[in-house]
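The values are calculated or read from the model by the stated rules, or taken from the named source; none is laboratory data. This one's a predicted model, so the numbers in the text were calculated from it and none came from an experiment. Cβ placement follows ideal geometry from the backbone for every residue including glycine, while neighbour counts extend to all protein chains displayed.
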Amino acid sequence: MALQEVSWRPSTTPLDAKGAAFLADAQARIDAFFEERWQEPIVGFVPSDFAKVWPALAALMEQDLGPGRRFCEWGCGFAVVAGLAARLGFDAHGIEIERDLIEAARPLLAAHQLEVKLACGSFIPPGGERLAQIKAEMAWLITGGPDGHALLQREPDDWDVVFAYPWPGEEHVVERLFDRYAAAGALLVTYRTEKGTRVQRKR
Ligand SMILES: C[S@@+](CC[C@H](N)C(=O)[O-])C[C@H]1O[C@@H](n2cnc3c(N)ncnc32)[C@H](O)[C@@H]1O
């Protein structure tokens, strides 16, 4: 694999009041969504700990780690990380296969005047399914569906920074896809429940 660990220092800049209000609202809407859908949950949707992702996102900007500002959250759920990226000045996008999540993300982002372009589709590019096979019985990753990159009128190698929260132990799937499709120099940021946020660069 051509992925290289990037060393970065967590930003010490706290989220401002608008950012904090966005996260509080996002959390409330996600809690309500889980409550409403308890009999029919979207099993693959587990939100990341946004407050823990923030110091990494802010570090990308402050330490100028990425090659550019085009950002995509792969499997974006409520697109909260993409929303934080937009607050930081990234040209933020999100791809999510579950329509109900996209429909929940849109009013949240609009309520906070955050410009994130969303697509209801798959972040697995056509032909990439063989790289996305998971042996686990209950996988979070859904194969099939329209190409989310194309819906955003982008190619998979257009992203300067990709964020994903794969289920623990399945980071390699996202890494394989990123390694195959991202542009040289692009960054992959993954949230890994217990182990914190990781930043890797494609050589
Ligand atoms: C662990 S959740 C993370 C959600 C969000 N990124 C966050 O950090 O809060 C993974 C998300 O990926 C979505 N997903 C699974 N397979 C996908 C695919 N092929 N394309 C787009 N989204 C997918 C799931 O529906 C789920 O919302």
The one condition in (1) more than 22 Å from Trp74 (Cβ to Cβ); (2) within 11 Å of the ligand (Cβ to nearest atom); (3) aromatic (Phe, Trp, Tyr) that Trp38 fails to fulfil
(2)
Condition first: assigned to a helix (DSSP H, G or I), touching a helix residue (DSSP H, G or I) at 6+ places or on another chain (Cβ under 7 Å) and touching a residue at least 60 places away in the same chain (Cβ under 8 Å). Now tell me which residues in region 47-65 satisfy that.
Val53, Leu57
Take Trp167 and tell me if it is surrounded by fewer than 20 Cβ atoms within 10 Å (Cβ to Cβ), in contact with an Asp or Glu (Cβ under 9 Å, 6 or more places away or on another chain) and within 25 Å of Gly196 (Cβ to Cβ).
no
Would you check if there is a residue in region 158-167 being of a type in the set (Ser, Thr, Tyr) and modelled with pLDDT under 95?
no
Looking at (1) within 19 Å of the chain's Cα centre (by Cα); (2) closer than 19 Å to Thr197 by Cβ; (3) of a type outside the set (Phe, Trp, Tyr), find the lone condition where Ala24 falls short.
(2)
Restricting to region 89-105, and then to whatever is in a helix (DSSP H, G or I) and within 15 Å of the chain's Cα centre (by Cα), can you tell me which residue is surrounded by the most Cβ atoms within 10 Å (Cβ to Cβ)?
Ala105
From the residues in region 12-61 that are among the charged types (D, E, K, R) and in contact with a Lys or Arg (Cβ under 9 Å, 6 or more places away or on another chain), which one is surrounded by the most Cβ atoms within 10 Å (Cβ to Cβ)?
Lys18
Among residues belonging to region 118-138 that are at pLDDT 90 or above and small (Gly, Ala, Ser), point out the one that is nearest to the ligand (Cβ to nearest atom).
Ser122
Within region 1-36, track down each residue that is charged (D, E, K, R), assigned to a loop (DSSP other than H, G, I, E, B) and either without any contact (Cβ under 8 Å) to a residue 24 or more places away in the chain or within 25 Å of Val116 (Cα to Cα) (or both).
Asp16
Options Gly66, Gly77, Gly83: the member that is within 8 Å of the ligand (Cβ to nearest atom), over 19 Å from Lys195 (Cα atoms) and either of a type in the set (Gly, Ala, Ser) or touching an Asp or Glu at 6+ places or on another chain (Cβ under 8 Å) (or both)
Gly77
